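Beneath this line is the structure, given in structure tokens, with notes to follow.
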């Protein structure tokens, strides 16, 4: 028999476990990986360069399309960078809305992650459960911004508009009927905050359901315990953030350590792993969903009690109301200038980071005083994480590569930008 | 980030590195500019020494300062015919490859910007290293200090053509296989140089020169009168509702 030593295997870019368009060139020794060389950039759209050719506000929508499962967190980093340079701060209500939507986004992201990661490792059912709740939160996105995913809801100086007073209801269809339809619509009788209150009361039991499927599942543990161990030193050397860092036992979370928006006022805990393997990161993310749920509840409570403006009353940055515009010459001029030219941002540079579901999402913004950014650099957590692939995966089996891709929580919209 | 920490960090930086770093602090962020030759020594010290402990390199990116501060629309002096409506700038998106901006009076175009994070001390620091030679921008690689910088340096090389001396594997990362040029440079057209399509006759994907025209909808403007403070004061003064 002919002896075959190392050979090279091509994994992706079209592979269901590649989470989009990852191409991995794997050097294999039998079923053991010797070297992994990820080829990224297949989804590179040049977002940062496009942003240089447009006024500041017109690039907010591009941010949704980076990490397209945690849309509003990306917007938050970009908007925060602009606000830093302008020296403005959003009204308190807008800050609470941002905090709430950041956490809704975190749940959305983690649901996507838990479903697809389980699917990659052979547990087919979880994604069906996860998408059930994802759909419910997508409705909140739609209610507030008109779009299920690419919201473009945050603005420098606040958010686009206040929370809606009503939620759209389901009509009877072959998919929604009878008691099911009644249950869904019973949440939607009141305002969006009522809806969220009902959701958050219900959601912990849903997380229990996912945990029941996975946490003590023998196959799940065989596939994740002791796989892809990241030591705390390694995690720091490779610039890891978010759950990748916390899974290794470092209690680092920007929401606690460098609080932004209203996180300083929130009561929540930071889950931390022990072993730094895929299983610990799984536990960390599941617990993060529960904590996000708590934060949403606190925000709902505050938002209910405290009406107020959600946008700065500064016509250089925020548009005047329609009524004002029809009535007042100056408001009309401001409106015209804002939408034809935008606003100038004082020269300077800033780095604004938020704790996105995947890790630290940062926006480095350089302005030369113009109405367009001079340079925008978006620091995507997935990019840093994926670069450590070779170090972590070599010596593992081929099937563990899939577990590792899953635990990185990769989305190529942000890796490739 | 608390208010006191960045200031004390700046003091510690001055005490330790002296003139090697030129510091600038704004909005609780510290930027340290340094020469390419000093980078490795400073980086190692920043990582290891107590008081700095920058265990993580969060981000590295390239910048091309060509055309910094240039506008396309004169807003100061109004000519006899009004504002200069005919925009003839060379800002991003306005030119194709043949018409790209060339001459520059700015001495140094390219810089690498590094963002560091200390988890232990909860502090951040920004380093900027300018490349001395525009035609061959070189910066020492930080891969020996923080291995995680590997891909960020590949990205800066790919998009800006900055060479990182000592990098183990300086390949392109984001652009296409066989891509020519460094697309994020300010003299690289936004529309690109080539476009691809599937050719049914040759039964393969072919590259052709771009067919789209450069187009920018909003001119690049720098206004002195964009005074936010004044606008804020106007907004706060509710004379309209009286």
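A short reminder: the numbers here are calculations on the coordinates, not readings from a lab. Computed from a prediction, not measured in an experiment: that's the story for all the values here. Don't worry about glycine lacking a Cβ; one is built from the backbone with ideal geometry, like all the others, and counts go over all protein chains shown.
Assorted remarks:
- Rg(Cα) / (2.2 N^0.38 Å) computed for the range A:152-277, rounded to two decimals: 1.48
- Over the range A:329-382, the Kirkwood radius and the radius of gyration, each from Cα atoms, give a ratio Rg/Rh of 1.17.
- Using distinct alpha-carbon pairs, which all enter the 1/r mean, Kirkwood radius of the range A:289-417 in Å: 19.2
- Averaging the sequence gap over all C-alpha pairs within less than 8 Å and six or more residues apart, then dividing by the number of residues, gives the range A:248-378 a relative contact order of 16 percent.
- For B:180, B:113, order by how many other beta-carbon atoms lie within 10 Å, fewest first: B:180, B:113
- Largest GNM mean-square fluctuation among A:92, A:31, A:349, using chain A with Cα springs under 10 Å: A:31.
- Our note on the geometry: Cα centres of the range A:254-306 and the range A:50-110, 18 Å apart.
- Normalised per residue, the volume of the convex hull around the Cα set of chain A (Å³): 157
- Put in line by how crowded their Cβ is, counting other Cβ atoms within 10 Å and starting with the fewest, A:372, A:182, A:262 read A:182, A:262, A:372.
- Centroid-to-centroid, using Cα positions, the range A:149-204 and the range A:19-35 are 42 Å apart.
- With the gyration tensor restricted to C-alpha atoms of the range B:137-214, the semi-axes of the equivalent ellipsoid amount to 31, 15, 8 Å, longest first.
- In degrees, nearest ten, helix A:71-86 long axis to first principal axis of chain A (Cα): 50
- Cβ-to-Cβ counts within 10 Å put B:49, A:48 in ascending order as B:49, A:48, the fewest first.
- Derived value for the range A:176-225: Kirkwood hydrodynamic radius 13.1 Å. Basis is the mean of 1/r over every pair of different alpha-carbon atoms.
- Take each residue in B:108-116, count the other chain C-beta atoms within 10 Å of its C-beta, and the mean is 2.
- For the range A:231-369, the fraction of alpha-carbon pairs in successive 10 Å shells from zero, as %: 10, 26, 24, 22, 13, 4, 0
- Full extension of the chain segment joining residue A:125 with residue A:169 gains 13.1 nm, where the gain is 0.36 nm per residue of separation less the Cα-Cα distance.
- A straight chain from residue A:184 to residue A:216 at 0.36 nm per residue would run longer than the Cα-Cα distance by 8.5 nm.
- From most to least packed by mean Cβ count within 10 Å, the peptides A:307-314, A:391-398 give A:307-314, A:391-398.
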